[in-house]
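Below: the structure, in C-alpha cells.
The values are calculated or read from the model by the stated rules, or taken from the named source; none is laboratory data. Just so you know, these numbers come straight off a predicted model, no measurement behind them. We place every Cβ from the backbone using ideal geometry, glycine too, and count neighbours over all the protein chains shown.
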Amino acid sequence: MAILAIDFGGTRTRAAWFSSSLDLLARDETPTRAHEPQESVIARVIETARRVVPPGETPLAIGICAPGPQAYTGLILHAPTLPGWHSVPLARLMGDAFNAPAYMENDANLGALAEYRYGAAQGANPAIYLTVSTSIGGGAILYGELFTGWRGLAIEPGHLKFPLPDGQIVSLERLASGTAIGRAARDRLASSNEPSALRSARETDGKTVGQAAMQGDALALSVVREAGRWLGLGLVNIVHLFNPQVIVIGGSVAQLGDLILDPARQVIAENVTDPAFNDPDLLRVAQLGDDVCLIGAALHARSKMV
C-alpha cells in the first residue's frame, strides 16, 4: 500500500501518491482559490487528491502539509493565507474522504523534515529550514527529530521582531519576504525618480522585482540587497539561539540565490559574537523545490504508521 500526500496552501494545492518506500508515483496540483467558500475549496482538495490515487486503491495513510502554527492538531485554527478559516478539521475531512488515517503538520516543519532527509540539510545537526516567499516560516531538526516546542508552535522565524527608526516594531517577514520586497520597491518608485524597468511593469510584486534584479536593474537590486541584510539579521538571531550546522533557505525568494544571500552572509559575518558560529557552508539553498512539502507530508505520515 502507498501514502497519499497533500500540500494545502493559500495559493496552490498539490497532491502526490508515494510508494511505502517514498518513491513518487503520481502528482497533481491546482489553484487553491482560497477566496471561495470553504466547502468549495475542500471539495477541490479532495478532487485533486483523488486524481493521484490509483483506481481501487486506498492509502495506507495520508500526510497533510498545511499552514498555521498548530496544524499538528488536524485543525486549521487560523492562517493568514486562508482568511475566514477557523478550526476547520481538515485532517478528519481528508481521512473520511479516503477511509484512511490522516496526519497533519505545519508546512515549514514538514519542509524542514524533507530537506533534512533528502535535500540540502542531510545529516546536519542542528538543521534549520526557512521558507521565504509570501511570508517567512521555518522548522528545526535537532538530533534527527523535528523540534516543535512545548505546544507544537516552534519555530516561527518570520515573527522575529525588529525596531525601525520611526519606532515601529515589525516582524522579519515584513522586511525580508517576497511580499516585503514588492512593497519596498513600490515605496521606492513612489518616493523617488530613480530610473527602473519596474516603472513599466504591470504589477510590482516580489516576483517582478526579483526578475528585474536578476537582469541588473539598479533599483530592484538595491531593494533585494536590503531585504537580504534584514534576512541576515534574522539569521544572526537564529544562529545564536541554535548554533546550527546548516540553515537551508527555500521558498520563491531563494531563487534569487546570491543576490539575496550574499548580503545576508555579510551581515552574519559582521554580527556573530564568535566566528565559530559562521561556517562557510552555513547557508544553503533548498534542493527539493515545489515537492518539498509533499515529501515532508509523506515522511510524516509514514512515521506515524511505524
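So here's what we get for this one:
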{"quantity": "Residue under evaluation Thr131, criteria (1) touching a residue at least 40 places away in the same chain (Cβ under 8 Å); (2) part of a loop (DSSP other than H, G, I, E, B), criterion not met", "calculated": "(2)"}
{"quantity": "Tally of residues being within 24 Å of Ala61 (Cβ to Cβ) and free of Cβ contacts under 8 Å to residues at least 12 places away in the same chain across the range 255-306", "calculated": "3"}
{"quantity": "Sole residue being in contact with a strand residue (DSSP E or B) (Cβ under 7 Å, 6 or more places away or on another chain) and either closer than 28 Å to Asn237 by Cβ or at pLDDT below 95 (or both), chosen from Gly84, Gly149, Gly158, Gly95", "calculated": "Gly158"}
{"quantity": "Residues satisfying the stated conditions in the range 267-293, i.e. assigned to a helix (DSSP H, G or I) and under 14 Å from Ala112 (Cβ atoms)", "calculated": "Val292, Cys293"}
{"quantity": "One residue from Gly68, Gly111 being within 25 Å of Thr134 (Cα to Cα), crowded, with 21+ Cβ neighbours inside 10 Å and either among the aliphatic types (A, V, I, L, M) or modelled with pLDDT of 95 or more (or both)", "calculated": "Gly111"}
{"quantity": "In the range 162-188, the residues that are in contact with a Leu (Cβ under 7 Å, 6 or more places away or on another chain) and surrounded by fewer than 18 Cβ atoms within 10 Å (Cβ to Cβ)", "calculated": "Phe162, Val170"}
{"quantity": "Flag if Val253 is part of a strand (DSSP E or B), closer than 18 Å to Ala176 by Cβ, within 15 Å of the chain's Cα centre (by Cα) and of a type in the set (A, V, I, L, M)", "calculated": "no"}
{"quantity": "Filter result (in contact with an Asp or Glu (Cβ under 7 Å, 6 or more places away or on another chain) and closer than 16 Å to Ile76 by Cβ) within the range 13-42", "calculated": "Thr13"}
{"quantity": "Residue check, Leu110 within 19 Å of Arg302 (Cα to Cα) and touching a Leu at 6+ places or on another chain (Cβ under 8 Å)", "calculated": "yes"}
{"quantity": "Residue match in the range 197-217 (condition: closer than 21 Å to His159 by Cβ and in contact with a Pro (Cβ under 7 Å, 6 or more places away or on another chain))", "calculated": "no"}
{"quantity": "Qualifying helices (runs of 4 or more DSSP H) (wholly inside the range 1-118; at least 2 residues being acidic (Asp, Glu), on the phi < 0 side of the Ramachandran plot and touching a Gly at 6+ places or on another chain (Cβ under 9 Å))", "calculated": "107-118"}
{"quantity": "Scan of the range 156-207 for residues that are over 16 Å from Leu231 (Cα atoms), of a type in the set (A, V, I, L, M) and within 23 Å of the chain's Cα centre (by Cα), ordered by number", "calculated": "Ala185"}
